[in-house]
Amino acid sequence: MTAVTDDLPLAADFPKADYDDWRKLVDGVLKGAPFEKLVGKTYDGIKIDPLYARAKGAAPVAGRAAAAPWQIVQRIDHPDAAQANAQALTDLENGATGLSLVFAGGNGSHGFGLEPSADAVAKVLQGIHLDAGIGIELEVGPQSRMAAIHVAEYVKTSGLDPAACNIRFGLDPLAAGAVWGHSPYTWDEIAPAVTGAIKGLAALGFKGPFASADGRVIHDAGGSEVQELAFVLACGIAYLRAIEAAGIPLEQAQGMVYARLAADADQFLTMAKFRALRLLWSRIEAACGLTPKPLFIAADTAWRMLTQRDPYVNMLRATMATFAAGLAGANAITVLPHTLALGLPDPFARRVARNTQLLLLEESNLAKVSDPAAGAGGIEALTSELCNAAWALFQETEKAGGAFAALQQGLIQGKVAATRKAREANIAKRRDVLTGASEFPNLHESEVSVLKATPIALAPYGEQKFKFDALPPMRLAEPFEALRDKSDAALKARGARPKVFLANLGTPADFTARATFAKSFFEAGGIEAVDSAGFADPAQLAAAYKASGAELACLCSSDKVYADHAETSAKALQAAGARHIYLAGRPAEAEAALRAAGVTGFVFAGGDALATLQDAYRRMEQA
């Protein structure tokens with residue numbers, strides 16, 4: 001009988017390879033191109049190499065308890081309290097272990113939210129066993145701040161033990177001021193109000209945490225990972241100092257502050273960001289003379305990555321974001337439903353959001369391993385780089401006088417605005433791809449269902465005494481969606497979308513690649529592509545263009561065919577009435593001749609697609 005062995009002798013049959021061997025193979029493929037082409041770069045300027053060795057001496061970053069799952073949190077944001085209560089009960093019955101009570105006016109409300117009245121709070125929480133281990137997170141703003149008190153009062157009047165209730169109260173006036181761009185009070189006036197509420201809640205027996213350091217406002221506004229981390233640190237330390245100044249020992253204050261981060265579809269950067277925050281906060285705790293304890297981190301899948309068009313792709317983005325945050329040790333995760341950018345999500349969208357987490361936890365067992373990224377060279381390097389850069393920016397914020405002073409001086413907003421501008425430029429050039437919006441659009445997608453609801457109208461809050469630049473939330477796909485909206489309006493008004501005729505030259509082998517590119521390019525802006533067979537005869541090409549009814553034309557073929565036929569084809573299209581003719585590809589030295597023949601623009605990878613599409617609409621409107 002042959003003995004069973006775990007040895008794998010097959011591996012020994014291959015010669016050992018090292019980094020130099022890999023570089024030789026890579027250089028062969030690059031064929032003289034610089035290796036730096038393979039080196040990526042984040043919006044913070046952090047370089048990402050294509051290959052990393054295993055990190056030596058790396059240890060797991062302390063986060064959730066070993067093998068403990070994160071809280072599966074569901075948004076409760078229906079303006080009708082009875083409907084919100086029904087949603088909450090359904091979610092809890094079907095696998096959710098936490099609820100995010102999103103009140104109107106909160107940073108993450110996105111146009112909807114609960115009414116912040118005592119009556120509405122009681123209706124929303126009816127039948128929910130708050131002392132049964134359910135995680136409750138409150139998202140409140142200055143206008144809805146009393147909701148936190150109403151929740152506490154509901155717990156007491158229901159005869160529940162506050163200490164048995166797992167409630168994160170979400171007090172965060174700094175984030176609210178950053179989004180609004182103004183404040184009726186100075187920080188010296190705000191801090192006592194916040195700590196007064198915290199002391200009152202703690203006196204009732206609630207264990208907290210109470211104050212939230214919310215990095216989502218930076219992410220939602222288009223900021224970078226380093227900017228988000230530095231803002232969380234600045235807000236967190238501001239709340240920690242205020243709590244200590246109110247007479248609460250630091251050891252007790254330590255558990256009264258928690259963090260919120262956005263998780264997006266960049267898996268490795270998201271993982272590194274969550275790991276970096278834990279390391280950075282433990283450094284702050286140590287500097288305060290405290291024994292570091294794992295910071296509670298709540299994650300939301302990113303608002304800015306949601307698209308209104310082809311919203312089902314949002315499910316994939318949310319899955320990647322949840323995967324990354326879960327592996328990186330998030331304590332609670334809220335998945336934004338895939339239709340949230342369109343309106344209030346229906347039961348199907350809510351179910352998908354909930355089941356995204358259930359599948360990753362129950363079938364993929366992501367929580368079974370603590371910090372699986374530990375030792376991975378790439379993620380360890382990213383984590384370290386983020387820590388260093390975020391700490392430097394945090395120190396800069398501290399020198400400015402802290403988070404509130406930095407907002408007043410525009411320090412934070414200026415850096416976020418610069419990153420947002422760079423991000424928007426890459427979106428416009430489709431270097432940062434938004435599947436379903438800027439790439440691979442579907443002009444014939446079916447309409448998605450959302451709930452009909454009237455948002456809660458809140459009274460204005462305070463006088464705008466202290467004004468500074470705001471950090472309003474944005475979505476990356478909005479510029480392309482605006483063009484799609486124009487296309488929809490044209491379809492509704494005259495029964496047809498704007499069209500571009502794909503003037504394919506030669507054989508399918510000649511034009512297929514560029515015709516496919518041009519179709520995706522124009523339809524990303526809602527301009528419907530009318531395909532055609534390959535043409536060699538300019539007269540037949542002109543006749544096909546006339547029959548298409550298209551306002552625009554785009555020549556599509558290989559460089560070789562262009563050299564022989566592009567100019568004559570452009571002249572034929574122009575004679576047939578085409579005022580605006582594009583060519584798919586870079587013109588190189590032939591640009592002057594092509595423009596003289598009637599070509600008015602060129603579409604190619606890396607060009608400003610958004611500007612080209614916007615110009616196309618202007619040309620059609622002027623025709």
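Numbers at a glance
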| quantity | calculated |
| --- | --- |
| Beta bridges per DSSP with both ends in the chain, % antiparallel, nearest 5 | 10 |
| Leading residue at positive end of dipole, the chain (Cβ point charges), from His580, Val232, Met271 | His580 |
| Of all accessible heavy-atom area on region 1-130, the percent that carbon and sulfur account for (1.4 Å) | 57 |
| Accessible-area ranking of Ser487, Ser158, largest first, probe 1.4 Å | Ser158, Ser487 |
| Cross-link reach list, aspartates and glutamates versus Lys452, counting only Cα pairs under 14 Å and skipping chain neighbours closer than eight places | Asp77, Asp80, Asp346 |
| Qualifying chymotrypsin sites (Phe, Trp or Tyr not before Pro) for region 247-332 [loop in DSSP, other Cβ within 10 Å: at most 16] | Tyr312 |
| Heavy-atom surface of region 227-355, accessible at 1.4 Å and reported per residue (Å²) | 28 |
| Zone of Gln126's modelled label, taken as backbone nitrogen in region 42-79 under 20 Å from a point 7 Å along Cα→Cβ | 76-79 |
| Cα-based shape type of region 510-623, given that a ≥ b ≥ c are square roots of the gyration tensor eigenvalues and the cut on a/c is 1.5 | rounded |
| Helix-only [θ]222 nm of the chain, DSSP H runs n ≥ 4, -39500 (n - 2.57) each, per residue, nearest 500 | -14500 deg cm²/dmol |
| Given charges at beta-carbon only (K, R positive; D, E negative), |dipole| of region 186-318 in Debye | 300 |
| Net charge of neighbours whose Cβ lies under 12 Å from the Cβ of Tyr239, counting Lys and Arg as +1 and Asp and Glu as -1 | -2 |
| Subset of Lys47/Lys293; Lys16/Lys37; Lys31/Lys56; Lys123/Lys467 violating a 29 Å alpha-carbon distance limit | Lys47/Lys293; Lys31/Lys56; Lys123/Lys467 |
| Projected area averaged over orientations for the chain, convex hull of C-alpha atoms, nm² | 35.8 |
| Unit charges on C-beta of K, R, D, E only; dipole of region 440-479, Debye | 200 |
| Length added when fully stretched, Ala417-Asp27, from 0.36 nm per residue minus Cα-Cα | 136.6 nm |
| Whichever aspartates and glutamates have a C-alpha closer than 17 Å to that of Lys571, once near sequence neighbours (fewer than 8 apart) are set aside | Asp537, Glu551, Glu591 |
| Rounded if a/c under 1.5, otherwise prolate or oblate - region 440-549, Cα gyration tensor axes | prolate |
| Top positive-direction residue, dipole computed over the chain with Cβ charges, set Gly127, Asn166, Ala178 | Ala178 |
| Förster radius 30 Å - calculated FRET efficiency between Asn355 and Ser520 (Cβ-Cβ, nearest 0.05) | 0.45 |
| Calculated FRET value between Ala163 and Arg619, using beta carbons and R₀ = 60 Å, to 0.05 | 0.35 |
| Per residue accessible area of region 72-195, 1.4 Å probe, in Å² | 33 |
| Accessible area of His580 in the full protein assembly, 1.4 Å probe (Å², nearest 10) | 20 |
| Region 362-471 shape via C-alpha gyration tensor axes, a/c threshold 1.5 | oblate |
| Selected from Ala55, Asn107, Val39, residue furthest toward positive end of dipole (region 1-113; charges at beta carbon) | Val39 |
| Nearest-10 value in Å² for the accessible area of Thr270, using the 1.4 Å probe | 0 |
| Potential extension, Thr291-Ala536 segment - 0.36 nm per residue separation minus Cα distance | 80.5 nm |
| Contour excess over end-to-end distance, with Cα ends at Ala547 and Lys560 and 0.36 nm allotted per residue | 1.9 nm |
| Dipole magnitude of the chain about its Cα centre (Cβ charges: Lys, Arg +1; Asp, Glu -1), debye to nearest 20 | 760 |
| Eligible aspartates and glutamates near Lys273 by straight Cα distance, threshold 17 Å, same-chain separation 8 or greater | Asp44, Asp214, Asp220, Glu225, Glu228, Asp264, Asp300, Asp371, Glu380, Glu385 |
| Ile167, Ile48, reordered so the largest accessible area comes first (probe 1.4 Å) | Ile48, Ile167 |
| Two-site FRET efficiency, Leu204 against Ala66, from Cβ-Cβ distance with R₀ of 45 Å, rounded to 0.05 | 0.90 |
| Rounded tilt (10° steps) of 559-575 against the dominant C-alpha axis of the chain | 80 |
| Nearest 10 degrees, 0 to 90: helix 411-428 Cα axis against the chain principal axis | 30 |
| Excluding exposed DSSP-loop trypsin sites (Lys or Arg not before Pro) (at most 14 other C-beta within 10 Å), longest clean stretch of the chain | 57-430 |
| Nearest-ten-degree value, helix 225-245 long axis tilted from longest Cα axis of the chain | 20 |
| Under 18 Å from the Leu491 label point (7 Å along Cα→beta-carbon), backbone N, region 309-331 | 309-313 |
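The values are calculated or read from the model by the stated rules, or taken from the named source; none is laboratory data. Note that this is a predicted model, so its numbers are computed, not measured. When we count neighbours, we look across all protein chains shown, and the Cβ atoms used for this are built from the backbone with ideal geometry, even at glycine. Heavy atoms of the whole protein, side chains included, go into the accessibility calculation; ligands, DNA and RNA do not. Shrake-Rupley method; radii C 1.70, N 1.55, O 1.52, S 1.80 Å.
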